[in-house]
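**Q** Input: one structure, supplied below.
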Amino acid sequence: MDALKKILDDVDEVDLTPMIDVTFLLLIYFMVTTMLKQPEAELSIQLPGKPQSSDVTPMEMLNVKIGDEGEVYLNGSEIEDGLDLAMQDLVSNLKTQKGMRDQLISSGARSKAEAELKVQIESSTLALHQASISVLNACSEAGVEKVTFSFE
């Protein structure tokens, strides 16, 4: 009877120390093996910022306008082969402009920020997309790197 009373009065205890040790070991393991996201400061992205000097006056950009029927105008004058996909006249005009501006840069008469060739493409909303693509291809063939778009 004393043995039965002793068994019924006995309280079971669970030792939590090993469980806490294992939990901390797992926490340390996951902290060490986790790949952290690369901080944005270490990414090699060049964001636009303030201009370096305020006395830089860039040369005027070329304006290429695409009409409703796909005709192409360079600074107001119509390009003869505007409806042709190759647009050789536009390419030659752009190459000429780029060559003149590159000479100004290489001679030191103008800085790159001032004389770099920039093209603005202004397209009619009724024009076919192929006309814009043809103008972009012409810009690429002429070596123009700075192109912006605007729509009527």
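The values are calculated or read from the model by the stated rules, or taken from the named source; none is laboratory data. Here the structure is a predicted model, which is why all the values come from computation and not from measurement. Cβ placement follows ideal geometry from the backbone for every residue including glycine, while neighbour counts extend to all protein chains displayed.
**Q** Which residues, taken from the range 129-152, are surrounded by fewer than 18 Cβ atoms within 10 Å (Cβ to Cβ), touching an Asp or Glu at 6+ places or on another chain (Cβ under 9 Å) and closer than 15 Å to Glu71 by Cβ?
**A** Glu152
**Q** Only residues in the range 133-148 that are farther than 13 Å from Val91 by Cα and touching a residue at least 12 places away in the same chain (Cβ under 8 Å) count as the first member; pair them with residues that are surrounded by 13 or more Cβ atoms within 10 Å (Cβ to Cβ) and basic (Lys, Arg), Cβ under 6 angstrom, at least 6 apart or cross-chain, and list the lot.
**A** Cβ pairs passing all conditions: Lys146/Lys118.
**Q** Tally the residues that are buried (at least 18 other Cβ atoms within 10 Å of the Cβ), more than 30 Å from Asp68 (Cα to Cα) and under 25 Å from the mean Cα position of the chain (by Cα), restricting the search to the range 96-114.
**A** 0
**Q** If you check Ile79 against the conditions, is it over 21 Å from Thr57 (Cβ atoms), β-branched (Val, Ile, Thr), surrounded by 19 or more Cβ atoms within 10 Å (Cβ to Cβ) and over 28 Å from the mean Cα position of the chain (by Cα)?
**A** yes
**Q** OK, next. Say whether the condition of being hydroxyl-bearing (Ser, Thr, Tyr), surrounded by 10 or more Cβ atoms within 10 Å (Cβ to Cβ) and either modelled with pLDDT of 75 or more or assigned to a helix (DSSP H, G or I) (or both) is met by at least one residue in the range 8-17.
**A** no
**Q** For the range 113-134, which residues satisfy the criterion of being over 21 Å from Pro58 (Cβ atoms) and in a helix (DSSP H, G or I)?
**A** Matches in the range 113-134: His129, Gln130, Ala131, Ser132, Ile133, Ser134.
**Q** When residues of the range 135-146 are filtered for being in contact with a strand residue (DSSP E or B) (Cβ under 8 Å, 6 or more places away or on another chain) and assigned to a helix (DSSP H, G or I), how many remain?
**A** So the answer is 3.
**Q** Taking the range 85-112 as the region of interest, how many residues are within 17 Å of Met61 (Cβ to Cβ) and in a loop (DSSP other than H, G, I, E, B)?
**A** Residues that pass the stated criteria total 2.
**Q** To continue, here is another question. For Ala3, work out the one condition from (1) of a type in the set (A, V, I, L, M); (2) in a loop (DSSP other than H, G, I, E, B); (3) loosely packed, with under 10 Cβ neighbours inside 10 Å; (4) modelled with pLDDT under 80 it doesn't fulfil.
**A** Status for Ala3: all satisfied but (2).
**Q** Under 7 Å by Cβ, and 6 or more places apart or on different chains, what pairs join a residue from the range 45-66 that is at pLDDT below 85 with one that is small (Gly, Ala, Ser) and outside any loop (DSSP other than H, G, I, E, B)?
**A** Val56/Ala113; Pro58/Ala113; Met59/Ala115
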